[in-house]
Amino acid sequence: MRYVISLSLLLVVLWLAISGVYKPLLFVLGGASVILVVWLSVRMDVVGVEHNPVLFSWRLVVYWGWLMGQLIKSNLHVSRLVFQTGKVKPRLLSVPVPHEAAVSKVTYGNSVTLTPGTVTLKLTDHVLEAHALDEESARELEAGHMARKICWLERQGEKEN
Amino acid sequence: MLTATTMAVFLTMALALVRALRGPTLYDRIVAVNVFGTKTVLAVALITFVTGHADLIDVALVYALINFIAIVTVLKLVKTRDLASDESTEQS
Amino acid sequence: MALIIDVISWILLLTGGVFGVIGAIGMLRFPDFYTRLHASGITDTLCAVLIVVGLMLQSGLSLLTLKLLLILLFLLFTTPTATHALARAAVLDNIEPVLAGNGEQGSENPAQTGEPSSKS
């Protein structure tokens, strides 16, 4: 029930933010669509599945900032490779996934895909298989900075609750 | 500046279309279409500012969502030849 | 002050456009499907971030900025998912990646994964 209320509140805020037109008719329509979406979510059994305290820690902001930095770095690296296609040496690699919560695992998989140079091919409970564009990208991933960052994110989230 | 950036985005879309036409595999084409879709979102957002019609941004917003659903749907169709199939049994 | 923000926003917009074109060139130049995924990653991440942030600076504080932020968030959450879905579908379809492992890098990189493609 807690999750149903938080989801409804989130949707109301989202609707108010996107709409920008505040008239009685639109409020009714907005309310109706929020109820419809919440009902569908309950029916699909997805309410609460992706609500995790990890997601709402202020440390997430720090993580996003760090990820932005990584993003710029790897983008510049791959951009260089675009003009030196001879240096492209793709290879497959697998790295361990040390995280407990499903959300952290998904965050890890998505972050790996988001940084160019590495793409997640397969994500299981303990192993992440990836395709790397060249040695440097592969080593960057194998060094495990990103995994440790997400571990830190996960740990802090638990401590606060 | 806005116009120059819009032109750059259009060029990106054109190059993505070249890749979509050349293939060679089906997945190459889907990647190209995916890039084309995200660039459409950016192009619409840029056009919002070029023309000054603030309402156009909603089009970009909706397109961002629809593009994602479209790609996943196309992939599902390609993979299973059946949009209504239950994939949960084969996902790992 | 307004001029400085304008200049920063122009720089962001132009670099974003340049990265978009670089990514597209990469999509044409890279040898196989999996490497092209990385090129599409450039246009989907940095290019999008730079252009949307540039536009946010143009619009100042308004509902428009919020919507641009939402677009950016949607893009950043959905593109990796779409890319991963694509890569996964290609793996399941037995599309073999071109690997450097056959050549001079062979001894250095033993096939560490159980992927069927590493046999190539």
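Miscellaneous remarks
- Where labels lie 7 Å past Cα in the beta-carbon direction, separation of C:E96 and A:W58 in nm: 5.4 nm
- Global geometry of chain B, whether rounded, prolate or oblate, following the gyration tensor of its Cα atoms and the 1.5 cut on a/c: oblate
- Eigenvalues of the alpha-carbon gyration tensor of region B:1-53, scaled by 5 and square-rooted, set the equivalent ellipsoid semi-axes at 26, 10, 5 angstrom, largest first.
- Folded to 0 to 90 degrees: helix A:145-160 orientation relative to chain A principal axis, Cα: 30 degrees
- Radius of gyration, Dmax [chain A; alpha carbons; angstrom]: 20.1, 62
- Using 0.36 nm per residue and subtracting the Cα-Cα separation, the extra length available between A:K87 and A:D125 on full extension is 10.4 nm.
- Model label zone, A:I72; criterion: amide N under 15 Å from point 7 Å along Cα-to-beta-carbon; scope region C:14-38: C:14-16, C:19
- Between C:D6 and B:T51, the simple label model (points 7 Å from Cα in the Cβ direction) yields a spacing of 2.4 nm.
- Relative contact order, percent, region B:2-82 [alpha-carbon distance under 8 Å, six or more residues apart]: 27 percent
- A loss of 50 Å² or more of accessible area (1.4 Å probe, protein heavy atoms, ligands and nucleic acids excluded) relative to the isolated chain is seen in these residues of region B:54-69: B:I57, B:L61, B:F68.
- Apportionment of accessible area to carbon and sulfur, chain A, percent (1.4 Å): 67 percent
- Here the convex hull built on the C-alpha positions of region A:2-43 has a volume of 53 cubic angstrom per residue.
- As a length-normalised measure over Cα pairs under 8 Å and 6 or more apart, the relative contact order of chain A settles at 24 percent.
- By average C-beta atoms within 10 angstrom, highest first, the peptides C:55-63, C:13-21: C:13-21, C:55-63
- Measuring between alpha carbons in the structure, the pairs from A:K122/A:K149; A:K87/B:K79; A:K105/A:K149; A:K73/A:K149 lying more than 23 angstrom apart are A:K87/B:K79.
- For the protein assembly as shown, the solvent-accessible area with a 1.4 angstrom probe is 49 square angstrom per residue.
- Cα gyration tensor shape for region A:58-153, rounded if a/c is under 1.5, else prolate or oblate: oblate
- Chain pair C, B: total accessible area buried, heavy atoms, 1.4 Å probe, Å²: 3700 Å²
- The alpha carbons of the protein assembly as shown give a radius of gyration and a Dmax of 21.0, 70 Å, in that order.
- Value of relative contact order over region A:58-153, rounded to a whole percent, pairs C-alpha under 8 Å and six or more apart: 34 percent
- A Förster distance of 22 Å, applied to the separation of the beta-carbon atoms of C:V18 and B:R22, puts the FRET efficiency at 0.40.
- When region C:2-95 is reduced to its Cα atoms, the Kirkwood hydrodynamic radius in Å: 14.5 Å
- Between chain A and chain C, roughly 3600 Å² of accessible surface gets buried, counting both sides and using a 1.4 Å probe.
- Solvent-accessible area, 1.4 Å probe, carbon plus sulfur percent, for region B:2-82: 75 percent
The values are calculated or read from the model by the stated rules, or taken from the named source; none is laboratory data. What you see is a predicted model; the values in this text were computed from it and never measured. All Cβ positions, even for glycine, are placed from backbone atoms using ideal geometry, and neighbour counts span all protein chains on display. Note: areas computed on protein heavy atoms with side chains; ligands, DNA, RNA excluded. Shrake-Rupley method; radii C 1.70, N 1.55, O 1.52, S 1.80 Å.
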